[in-house]
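Working notes for the structure below.
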Amino acid sequence: MAVTASNWRGRFEQLRANKLFELVVIAIIILSALLIGAKTYEETSRFQQALVVLDMGVTAFFLVELLIRMAAERRVLDFFKKGWNVFDFLIVVASLVPLNDSEMVLLARLLRIFRVLRLVSMIPELRILMVALFKSIPRMGYVLLLMFIIFYIYGAVGSFLFVDVDPKLWGNISLAMLTLFQVATFESWATAVLYPAMEHYPYAWIYFLTFIFLNAFVFLNMMIGIVLDVMQKESVAIELENGEGEAAELHGLRSDVRELRDQLNRMESLLKERS
């Protein structure tokens, strides 16, 4: 019985690692997203029954796929040691809420929307982007704090200088900071903000251009640099985990060099003892 169970686990493990199986899962996830989008059109109301059947089929497929991945582990608890597996498990279990219950139909539809997020767990490149985004948030917090300080300083200066130009835009520091946010997004800032200010203060362009330079170029590039740095580290970590890529080769070379060094040290110590 143990041999049979081991054989089944080996088959499930091969199926889980099969690239074709992964492509089928990705295709079903995309189909699930299309079904959700199709239900938002009134023209599809005549195909309501067919859409319900397809939704049940997609849900059943996700459940079977999840069970296969769990059966491929040596122990079921090992499946939950990876965060992305827990993520998939929660989404699949949440999508089991039936659609035919009038009280739960809204909740069921909302939960099915999140099945699209399974693409993140299935595609390694998307996982790298998502992990890099979350790991970048603490470091980006300091950049955002510095941006807030610059916004506050420029807002205070702007509320003092341009309050007579347009009180609706510069009446107080809160309005001034909102106006500066409009400037930072380049949304009609020249005609609505810059030119009226230059009619009263010809050198007001210095104020706005320095603000745009700091926010649109310096701070934005700092945030991009933080995300790229974290993405590079995550890529290296994944290469080491999978044993592929330059990072894995360098790690292997370093391990070999350490082993050779240890062997040379042992040989040297033996030679000293014999001499």
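The values are calculated or read from the model by the stated rules, or taken from the named source; none is laboratory data. Model, not experiment: these values are computed from the prediction. Using ideal geometry, Cβ is built from the backbone for each residue, glycine included, and neighbour counts are taken over all protein chains shown. The accessibility values were calculated without ligands, DNA or RNA, using every heavy atom of the protein model including side chains. Shrake-Rupley method; radii C 1.70, N 1.55, O 1.52, S 1.80 Å.
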Cα pair distances in the stretch 139-233, grouped into 5 Å bins until the bin that holds the longest one, percent each | 3, 13, 23, 24, 15, 9, 6, 4, 2, 1, 0
Return the calculated 222 nm mean residue ellipticity for the chain, to the nearest 500 deg cm²/dmol, obtained by summing -39500 (n - 2.57) across DSSP H runs with n ≥ 4 and dividing by the residue count.
-> -25500 deg cm²/dmol
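Which FRET efficiency value, to the nearest 0.05, do you get for I206 and N172 by plugging their Cβ-Cβ distance into 1/(1 + (r/R0)^6) with R0 = 25 Å?
Values: r = 23 Å, r/R0 = 0.91.
Efficiency, from the Cβ-Cβ distance: 0.65.
Taking the Cα centre of the chain as origin, sum charge times position over the Cβ atoms of Lys and Arg (+1) and Asp and Glu (-1), and report the length of that vector in debye to the nearest 20.
Numbers: 26 positive and 28 negative charges, 188 e Å.
That gives the chain a dipole magnitude of about 900 debye.
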Can you tell me the Rg and the Dmax, both Å, for the Cα atoms in the chain?
-> 29.2, 94
Expressed per residue, the solvent accessible area of the chain in Å² (1.4 Å probe) is about 67
Let me have the relative contact order for the chain, percent, based on Cα pairs under 8 Å that are six or more residues apart.
-> 13
Charge-dipole axis of the chain as Lys and Arg at +1 and Asp and Glu at -1 on Cβ define it, positive-most pick from F21, M223, L144 | F21
GNM of the chain, Cα pairs under 10 angstrom: of S121, S95, S174, the biggest fluctuation goes to S174
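Can you give the longest stretch of the chain with no exposed loop site, where a site means chymotrypsin sites (Phe, Trp or Tyr not before Pro) in a DSSP loop (not H, G, I, E or B) with at most 10 other C-beta atoms within 10 Å?
Working: sites that count: Y41, F186, Y203.
Here the longest segment lacking exposed loop sites spans 42-185.
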